[in-house]
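To start, the structure under review is shown below, and the notes come after it.
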């Protein structure tokens, strides 16, 4: 039996910043011997539909749903069964089942072996509930990525879930309040086996459990790696943990500042950021520890106006952020935000992820403090000005983080040039492939 794993692309163009889809290495590690696995990542390569296979398994995000359904249609008209899993099919299984033969809800680890066995017997069920099993067991098998051109950084995962409940977050909608971590020894062994010196933790908030986080970070010190992660701003209040971060080789941290307005933070249910309203002090503490900061912001909450873009852009430039993203607030299905905007009849599209009129980077709803067009233009302008060549040069001039070593300088320049290219390439892009067979047109 042969299974083809597919990571759909956002649109029709290739990506220059793709990283390994860790979920496929996890599934490869769980696949019984004797079952052949092929893997295709449409961000970097075409999908060979006519290559013989018995089962096509797709990981689906809301942004890639339209393209996923197009790919599924190609396989199904060739008689190949299609399995879909991930955030989007879990939150909208009825929709996904219109285009797939099987949907996996929750984490696939708990049901993958059973699904493969059922496929071999020709007895696949329509829905498999993977639930949220303990994160221990077979290690990821990265041989599935052999020969593919990804960013030169290894992705690893310690835990899943986040202790915060931001109303726009699909992660919270998927996992709820569940927080799980792998045994630290298993994680350290995996990093040693990988043998790479650059590692990115894909955890949505690596420090969801501060006590365990200290143990994790301390265990990384002997590995002598450079690593990156996603954290919340409250980490800066724990000076002991910050020292461990520096000692263990943490070089880059992505932080969700989200908004500089207190009212917006309360509305999005991220009032935890208000405890650290002196962002300048928190940034200085992390910067003194050598961390390059990637700040993310969203616009479109009720207190945002057209002036919010300039205020936030100036903040990001003044603090010499390594990278920054200025996103229009995106209501994804299954989140409290989506449900609220739908009740208020403020959505521009019923299902923006399938609507052929929607373009990447556009506002999806009508904000209160500006027009939808102003939201679209303001986010793109902030992104463009932050990534202008002159701004890239000025932000580089930070000796505590970016200029700390030649390696840091190289990382900074490469990441910023790729970010600049991707921003302009994706803005206004249609989701899916406009030349492909499109089953979504049949949706009522």
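The values are calculated or read from the model by the stated rules, or taken from the named source; none is laboratory data. These figures come from a predicted structure and were not determined experimentally. Cβ atoms come from the backbone with ideal geometry, glycine included; neighbour counts cover every protein chain shown.
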Given (1) over 30 Å from residue 414 (Cβ atoms); (2) in a loop (DSSP other than H, G, I, E, B), residue 44 misses just (1)
Any chance the stretch 60-77 includes a residue that's under 20 Å from residue 140 (Cα atoms) and buried (at least 20 other Cβ atoms within 10 Å of the Cβ)?
yes
Which of (1) assigned by TED's automatic domain parsing to the domain that holds residue 313; (2) over 20 Å from the mean Cα position of the chain (by Cα); (3) surrounded by 12 or more Cβ atoms within 10 Å (Cβ to Cβ); (4) in a helix (DSSP H, G or I) does residue 400 not meet, given it meets every other one?
(4)
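State all residues of the stretch 263-287 that are under 17 Å from residue 316 (Cα atoms) and part of a helix (DSSP H, G or I); if no residue qualifies, say none. Explain how you work it out, then say what you get.
To start, the set of residues in the stretch 263-287 that are under 17 Å from residue 316 (Cα atoms) comprises 273, 276-287.
Listed by number, the residues that qualify are 273, 276, 279, 280, 281, 282, 283, 284, 285, 286, 287.
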Please work out if residue 187 is free of Cβ contacts under 8 Å to residues at least 40 places away in the same chain, surrounded by 15 or more Cβ atoms within 10 Å (Cβ to Cβ) and either within 22 Å of residue 85 (Cβ to Cβ) or in the same structural domain as residue 301 (by TED's automatic domain parsing) (or both).
yes
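Mind listing just one residue for me: the one in the stretch 108-125 that is in a loop (DSSP other than H, G, I, E, B) and in contact with a strand residue (DSSP E or B) (Cβ under 6 Å, 6 or more places away or on another chain) and, of those, surrounded by the most Cβ atoms within 10 Å (Cβ to Cβ)? Spell out how you get there, then give the answer.
Of the residues in the stretch 108-125, the ones in a loop (DSSP other than H, G, I, E, B) are 111, 122-125.
Now drop any that are not in contact with a strand residue (DSSP E or B) (Cβ under 6 Å, 6 or more places away or on another chain), which leaves 111, 124.
On the way: 111: 22, 124: 16.
Per the stated criteria, the residue is 111.
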Residue 181 versus (1) surrounded by fewer than 17 Cβ atoms within 10 Å (Cβ to Cβ); (2) at pLDDT below 90; (3) in contact with a strand residue (DSSP E or B) (Cβ under 9 Å, 6 or more places away or on another chain): which is the lone unmet condition?
(1)
Can you pull out every residue in the stretch 359-395 that is surrounded by fewer than 20 Cβ atoms within 10 Å (Cβ to Cβ) and free of Cβ contacts under 8 Å to residues at least 40 places away in the same chain?
366, 371, 372, 373, 377, 388, 389, 390, 392, 393
When the residues of the stretch 268-289 are narrowed to those that are touching a residue at least 60 places away in the same chain (Cβ under 8 Å) and buried (at least 17 other Cβ atoms within 10 Å of the Cβ), which ends up nearest to residue 401 (Cα to Cα)?
287
Looking for something within 19 Å of residue 438 (Cα to Cα), crowded, with 21+ Cβ neighbours inside 10 Å, touching a residue at least 40 places away in the same chain (Cβ under 8 Å) and out of contact with any strand residue (DSSP E or B) (no Cβ under 6 Å at 6 or more places or on another chain) - is there at least one such residue anywhere in the stretch 37-56?
no
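Among the residues of the stretch 312-328, count how many are outside any strand (DSSP E or B), touching a residue at least 60 places away in the same chain (Cβ under 8 Å) and under 14 Å from residue 382 (Cα atoms).
Step one: list which residues in the stretch 312-328 are outside any strand (DSSP E or B), which gives 312-322.
If we keep only those that are touching a residue at least 60 places away in the same chain (Cβ under 8 Å) too, we end up with 312-313, 316-317, 320-322.
Now narrow it down to the ones that are under 14 Å from residue 382 (Cα atoms): 312-313, 316-317, 321.
Summing the residues that are outside any strand (DSSP E or B), touching a residue at least 60 places away in the same chain (Cβ under 8 Å) and under 14 Å from residue 382 (Cα atoms) in the stretch 312-328 gives 5.
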Scan 356, 331 and give me the residue that is touching a helix residue (DSSP H, G or I) at 6+ places or on another chain (Cβ under 7 Å), in a loop (DSSP other than H, G, I, E, B) and in contact (Cβ under 8 Å) with a residue 12 or more places away in the chain.
331
Quickly run through the stretch 139-167 and pick out the residues that are farther than 23 Å from residue 227 by Cα and either part of a helix (DSSP H, G or I) or more than 23 Å from the chain's Cα centre (by Cα) (or both).
147
Quickly run through the stretch 180-218 and pick out the residues that are assigned to a helix (DSSP H, G or I) and within 17 Å of residue 238 (Cβ to Cβ).
210, 211, 212, 213, 214, 215, 216, 217, 218
Do we find that residue 253 is within 18 Å of the chain's Cα centre (by Cα) and assigned to a helix (DSSP H, G or I) in this structure?
no
Anything in the stretch 290-312 that is surrounded by fewer than 21 Cβ atoms within 10 Å (Cβ to Cβ) and touching a strand residue (DSSP E or B) at 6+ places or on another chain (Cβ under 9 Å)? List them, or say none.
290, 294, 296
Hey, among the residues in the stretch 313-328 that are touching a helix residue (DSSP H, G or I) at 6+ places or on another chain (Cβ under 7 Å) and under 22 Å from residue 403 (Cβ atoms), which one's surrounded by the most Cβ atoms within 10 Å (Cβ to Cβ)?
322
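Could you check how many residues of the stretch 79-107 are on the phi < 0 side of the Ramachandran plot and either assigned to a loop (DSSP other than H, G, I, E, B) or buried (at least 22 other Cβ atoms within 10 Å of the Cβ) (or both)?
Residues meeting the conditions: 19.
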Which of (1) over 19 Å from residue 230 (Cβ atoms); (2) not in a loop (DSSP other than H, G, I, E, B) is the odd one out, the single condition residue 173 does not satisfy?
(1)
Scope the stretch 50-78; condition touching a helix residue (DSSP H, G or I) at 6+ places or on another chain (Cβ under 9 Å) and not in a helix (DSSP H, G or I); matching residues:
53, 54, 55, 56, 57, 58, 59, 60, 61
